[in-house]
Amino acid sequence: MNCVIKGASYILAHTPDMVLENGTTQTTEKIVNPNSDYLKELPSHLRSYEDAVKYLPNQTYIGNMHPDELGAIPQPWTDARVEGLDKRTGKYGEIMPQEEFYILMQACDVFELVRLDKDFVAAHKEAFLANPVIDESIAARVHEGVDASEVEHFVNDEHAEPLYHNHKLVGYVKRAHDVDVNLSAHVMLENMVSKASAVLSLLHLLRQEGVNKEEITYVIDCCEEACGDMNQRGGGNFAKSIAEIAGLQNATGCDVRGFCAGPTHAFINAASIVKANTHKHVVVLAGGCTAKLGMNGKDHVKKGLPIYEDMIGGFAILLGQDDGINPVVDTEHTGRHTVGTGSAPQNVTSSLVTAPLEAAGLKVTDVDKYSAEMQNPDITKPAGAGDVPLANYKMIAALAVKKGELEKSQLATFPTEHGMVGWAPTQGHIPSGVPYIGVCRDDMLAGKIKRAMIIGKGSLFLGRMTNLFDGVSVMINANEGIKEEAGAVSQEEIKSLIGKAMKDFAASLLAASEDAE
Amino acid sequence: MGFLEGKKIIIIGDRDGVPGPAIEECVKTAGAEVVYSSTECFV
């Protein structure tokens, strides 16, 4: 049975103090150039929570604005505002403020590694509990907090990672082992942030219409962190730990990794598991990444821009068996960058886009929307990395022209007609193809589009195991209803057969009665 | 003789643009000596 997309959620957490404390651009600068102008100027470029909420790409991410509407607004979007688009919540999720996110991190911790100052907890617990996605079981996990002196002790004397709010020390994440680097406070903090943001994504997914948490039997996490200890660095598994906090009593799961391509790999795996009937309902999810906070901050500060990379991202997608309504994942025609594909841009795009299309007997223009790398250009352009989605669309269009499927004159309009502007924060795996799945589902259910392609790319070379990078792609099609199997009898035919049988029966009764007379 | 004959080249490629190995192949055909090549990820 085909696999369909039954729901999708997207969340952000605004974490400005984590930019300063946990983003690797900043932590590296503190080591190599501690008195740099960048570190001095950076705090004045941090956004308030209100500004982060009003920022239109963030409103798009949580579902309050369609990507096409965002695309109609001139770039950069730094100061662009739309009346009414200043909401914390959207149809896909929410933008959680830092103080509540710290409490969520603590609530997601099952080893007493995260502790917050009791005054801080007292000041923000009520707001945290007022969130409709926070159920009783999570509320019961909130610790009342510890004395400020304990926080200072663990940070100053016990190698704990500090948690700051408005530059004030309000908590810590302590190490989980004395000598194991894989359980250091640094690793535990990164993993806890990823876990908490994935939990928040899952909680929002569970509130959506038609989602029943008892039915979910498998969860796949596809973030870019690794959890384990000195004997198994990436042993895992985030997925089950996230399912536990969200109360998915009937689920197990595993972690799938592939750098930024991880979500698309996980999405294809999950869809295949559903299609194989191994599991009927599978969730693919990921939390965000502290290391990438402020990643391009030097260029943003140099150009007088805000630190846009102050958001932790997350998402969760529910896949289930064909209901005749929701969009169908085409597991039979997937694109893949193979070992032999090479690195020439033309080969890369051919393997990911035109090869699966050819296999399905389709042309480039048969896909209504492509979702490649949906990074927000406000972030990447000032840093010299260009407009990443646009670069991908140009390459797809160029290949289409080469194959004779598109006129040269249509090159300029292809990105608008078959693509979108990027709106996702540069959180690695978070913008890679998957931000569009929620919008895609809605647009297909509304009959606006019929076919889309999700493309994920991953920089494997960063792990120093190979010089290769990677990519996979998958198509999503509007549901045309559950087709009857060949040879099966339709409802109309059954009605006709019954009608005929009754007519024959009536005729035979009539004949019998005439004979009797 | 290629127009990069005798030149030493440092390559920094971009995963979403032109990756290092692809640039490497091009400049080698122009006679350059590649002394360093890497691909960076900016996202």
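Observations on the model:
- Remark: region A:228-237, residue by residue, has Karplus-estimated 3J(HN,Hα) of x, 10, 5, 9, 7, 3, x, x, x, 10 Hz, where x stands for each Gly or Pro and the curve is 6.51 cos²θ - 1.76 cosθ + 1.60 at θ = phi - 60°.
- Relative exposure of A:Cys227, A:Cys222, judged by other C-beta atoms within 10 Å (fewest first): A:Cys227, A:Cys222
- Straight-line cross-link partners of A:Lys363 among the lysines, defined as a Cα under 22 Å from its Cα and at least 8 positions apart when in the same chain: A:Lys394, A:Lys402, A:Lys403, A:Lys408, A:Lys448, A:Lys450, A:Lys457.
- Karplus-based coupling profile of region A:27-41, in residue order and whole Hz: 5, 5, 4, 5, 7, 8, 8, x, 9, 5, 4, 4, 5, 6, 7, with θ = phi - 60° in 6.51 cos²θ - 1.76 cosθ + 1.60 and x standing for Gly or Pro.
- Built amide H within the under 5 Å cut-off of A:Val146, gap 5+: A:Leu116, A:Asp117, A:Lys118
- Relative to the longest principal axis of the Cα atoms of chain A, the long axis of helix A:262-275 lies at roughly 30 degrees.
- q = 0.10, 0.18 Å⁻¹, region A:173-312: log10 I(q)/I(0) [Debye, one scatterer per Cα]: -0.39, -1.04
- Phi-derived couplings, Karplus 6.51 cos²θ - 1.76 cosθ + 1.60 at θ = phi - 60°, listed residue by residue for region A:354-371: 6, 4, x, 5, 4, 4, 8, x, 10, 9, 4, 7, 6, 8, 5, 9, 9, 10 Hz, with x used for Gly and Pro.
- Degrees between helix A:98-108 axis and first principal axis of chain A (Cα, 0 to 90, nearest 10): 70 degrees
- Region A:409-475: relative contact order in percent, alpha carbon pairs under 8 Å with at least 6 residues between: 22 percent
- Counted charge near A:Thr380, where neighbours are those whose Cβ lies closer than 10 Å (Asp, Glu -1; Lys, Arg +1): -4
- For chain B, the longest principal axis of the C-alpha atoms and the axis of helix B:20-29 are separated by about 10°.
- The antiparallel fraction among DSSP beta bridges confined to chain A stands at about 75%.
- Residues A:Leu189, A:Leu362, sorted so that the one with the fewest Cβ neighbours within 10 Å comes first: A:Leu362, A:Leu189
- Taking the C-alpha atoms of region A:1-69, convex hull volume expressed per residue in Å³: 151 Å³
- Secondary-structure-derived ellipticity at 222 nm for chain A, considering helices only, amounts to -10500 deg cm²/dmol, per-run term -39500 (n - 2.57) for DSSP H runs with n ≥ 4.
- Ranked by the mean number of other Cβ atoms within 10 Å of their residues, highest first, the peptides A:67-78, A:101-112 fall in the order A:101-112, A:67-78.
- Other-chain or far-sequence residues with amide H under 5 Å of A:Val173's (modelled H): A:Glu161, A:Leu163
- Using every pair of distinct Cα positions in region A:341-401, the Kirkwood expression returns a hydrodynamic radius of 12.5 angstrom.
- Furthest towards positive pole of dipole, A:Asn166, A:Gly386, A:Leu406, structure part the protein assembly as shown, Cβ charges: A:Leu406
- Taking amide H positions as modeled 1.01 Å from N, with prolines and chain starts lacking one, the residues under 5 Å from B:Ile11 and 5 or more places away or on another chain are B:Tyr36, B:Ser37, B:Ser38.
- Calculated FRET value between A:Ala360 and B:Ile10, using beta carbons and R₀ = 45 Å, to 0.05: 0.60
- Taking region A:293-447 and dividing mean pair separation by its residue count, relative contact order in percent (alpha carbons under 8 Å, at least six apart): 27 percent
- Net lengthening on full extension, A:Ala140/A:Lys495 (0.36 nm per residue, minus Cα-Cα): 122.1 nm
- Under the criterion of Cα pairs below 8 Å and six or more residues apart, the relative contact order for chain A equals 18 percent.
- Under the Debye formula (equal points on every Cα, no solvent term), log10 I(q)/I(0) of region A:304-346 at q = 0.20, 0.25 Å⁻¹: -0.85, -0.94
- Values of log10 I(q)/I(0), in the order q = 0.18 Å⁻¹, for region A:249-337 under a Debye, Cα-only, solvent-free model: -0.87
- Diffusion coefficient, µm² s⁻¹, Stokes-Einstein with Kirkwood Rh over alpha-carbon pairs of the protein assembly as shown at 37 °C and 0.692 mPa s: 130 µm²/s
- Sorting A:His279, A:His177 by the number of Cβ atoms found within 10 Å of their own Cβ, with the fewest placed first, yields A:His177, A:His279.
Bear in mind that the values in this text are calculations on the coordinates, not laboratory data. Predicted, not measured: the structure shown is a model, and the values here were computed from it. When we count neighbours, we look across all protein chains shown, and the Cβ atoms used for this are built from the backbone with ideal geometry, even at glycine.
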